[in-house]
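Chemist: Would you mind keeping the following structure in view while I ask a few things?
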Amino acid sequence: MEQSSRGWLDGLTAIVTGGAHGIGSAIVERYIAEGANVCILDRDADAAHSLAARYPGRAVASPGDVTRFEDNAAAVAAAQESFGRLDVFIGNAGVFDFNRPLRKFDTDLLSPAFDELFAVNVKGYILGAKASLEALSEAGGAMIFTVSNSGLYAGGGGPLYVASKHAVVGLIRQLAFELAPDVRVNGVAPGGTITRLSGPAATGQAGLHLDEIDGAEAYIAKGTPLGFAPAPEDHAGAYVLLGSPANSRAITGAILPSDGGLEVRGGGRRKKPGS
Ligand SMILES: NC(=O)c1ccc[n+]([C@@H]2O[C@H](COP(=O)([O-])OP(=O)(O)OC[C@H]3O[C@@H](n4cnc5c(N)ncnc54)[C@H](O)[C@@H]3O)[C@@H](O)[C@H]2O)c1
């Protein structure tokens, strides 16, 4: 896509972790459409390279694992070398626990599953924040972290996933407090979205993907007032808003839900559309 001369992100550079698939790749494409240059940090090296190759001069791949500080630092260096600056760090790579309840957890698996899931969902965000902090401070930039409805409510995952996403809310609040006024720190909380989101290897769920679960789309749609399961692209605008200093310079420490209205599910029955 050609660079718009009036995009909301003209001239900015962003890193998107987990940017090779799903919500992350939708953010990458929308950021480029809004005028930004993007560095994709993802452990799926082939997919990261092939997405970047579709936008020569506008996107680069920095394959790596977000649970390693060096890989986050390499992405910051790649962004700066390729585009001369870094304005937005988007922590987004994550894994799911496929709603496994505590009662059904094999005791031996609990500890390794916790370590693996928290390493990606929480430590990965902290390491990315640390690696990008200096560049973002110089640029007066922003951090944006993908939360989830599971960061706000129970019932959108099992105890590991829900606890990890609640931890992300705490991380956003603390970093927004610590880094003001230099860097704005916000979150986007998508609701259930049909992607290939996978789980920890420790529970044998690394090869399991959300989009392969029968009935997932209808289940998500039924649970939300707006009545549809969002696509990854439906969340991308929220990240554009929070990454654009011209449009959100007064916003920090906020979590923007993008979940079809879970906050207003209410008590009784909802009316049918149009009635
Ligand atoms: N799909 C949903 O229903 C949903 C809902 C709310 C929040 N989320 C969150 O959205 C984010 C993106 O998930 P998605 O649904 O787009 O899934 P996805 O699997 O399509 O995308 C996640 C990406 O992260 C990458 N990744 C995973 N672990 C990594 C690691 N250790 N290092 C580097 N890259 C890694 C994967 O390769 C993949 O490209 C996650 O934080 C997830 O928790 C998803």
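The values are calculated or read from the model by the stated rules, or taken from the named source; none is laboratory data. The shown structure was predicted, so the numbers you read here are calculated from the model rather than taken from an experiment. Neighbour counts run over all protein chains shown; Cβ positions are idealised from the backbone, glycine included. Heads up: the accessible areas ignore ligands, DNA and RNA and are worked out on the full protein's heavy atoms, side chains in. Shrake-Rupley method; radii C 1.70, N 1.55, O 1.52, S 1.80 Å.
Chemist: Out of all the residues in segment 104-118, is one or more under 16 Å from the mean Cα position of the chain (by Cα) and under 29 Å from ARG265 (Cβ atoms)?
Modeler: For segment 104-118, residues under 16 Å from the mean Cα position of the chain (by Cα) and under 29 Å from ARG265 (Cβ atoms): present.
Chemist: Within segment 1-42, how many residues turn out to be at pLDDT 95 or above and of a type in the set (Lys, Arg)?
Modeler: At the first step, the residues of segment 1-42 found to be at pLDDT 95 or above are 7-42.
Then drop every residue that is not of a type in the set (Lys, Arg), which leaves 30.
Residues flagged as at pLDDT 95 or above and of a type in the set (Lys, Arg) within segment 1-42 amount to 1.
Chemist: Might you let me know whether segment 227-236 holds any residue that is open to solvent by 40 Å² or more (accessible area, probe 1.4 Å), at pLDDT 95 or above and touching a Phe, Trp or Tyr at 6+ places or on another chain (Cβ under 9 Å)?
Modeler: yes
Chemist: Mind listing just one residue for me: the one in segment 130-155 that is part of a loop (DSSP other than H, G, I, E, B) and open to solvent by 20 Å² or more (accessible area, probe 1.4 Å) and, of those, nearest to GLY11 (Cα to Cα)?
Modeler: The residue in question is GLY140.
Chemist: From the list ILE220, ILE251, which residue is within 11 Å of the ligand (Cβ to nearest atom) and either among the aliphatic types (A, V, I, L, M) or surrounded by 13 or more Cβ atoms within 10 Å (Cβ to Cβ) (or both)?
Modeler: On inspection, the qualifying residue turns out to be ILE220.
Chemist: If you scan segment 177-205, which residues turn out to be more than 9 Å from the ligand (Cβ to nearest atom), in contact (Cβ under 8 Å) with a residue 40 or more places away in the chain and open to solvent by 10 Å² or more (accessible area, probe 1.4 Å)? Before the answer, list the steps.
Modeler: Here is the first cut: in segment 177-205, the residues more than 9 Å from the ligand (Cβ to nearest atom) are 177-187, 199-205.
Subsequent filtering for residues that are in contact (Cβ under 8 Å) with a residue 40 or more places away in the chain retains 177, 179-180, 182-187, 199-203, 205.
If the condition is that a residue be more than 9 Å from the ligand (Cβ to nearest atom), in contact (Cβ under 8 Å) with a residue 40 or more places away in the chain and open to solvent by 10 Å² or more (accessible area, probe 1.4 Å), then PHE177, LEU179, ALA180, ASP182, ARG184, ALA201, ALA202, THR203, GLN205 are the ones that fit.
Chemist: Among the residues of segment 231-275, which ones are small (Gly, Ala, Ser), touching a Pro at 6+ places or on another chain (Cβ under 6 Å) and in contact (Cβ under 8 Å) with a residue 60 or more places away in the chain? Break it down into steps so the answer makes sense when it comes.
Modeler: Applying the first criterion (small (Gly, Ala, Ser)) to segment 231-275 yields 231, 236-238, 243-244, 246, 248, 250, 253-254, 258, 260-261, 266-268, 274-275.
Then keep just the ones that are touching a Pro at 6+ places or on another chain (Cβ under 6 Å); that gives 258, 261.
Selection gives SER258 alone.
Chemist: A follow-up question, please. Which one is farthest from the ligand (Cβ to nearest atom) among residues in segment 45-60 that are open to solvent by less than 50 Å² (accessible area, probe 1.4 Å) and within 12 Å of SER25 (Cα to Cα)?
Modeler: ALA59
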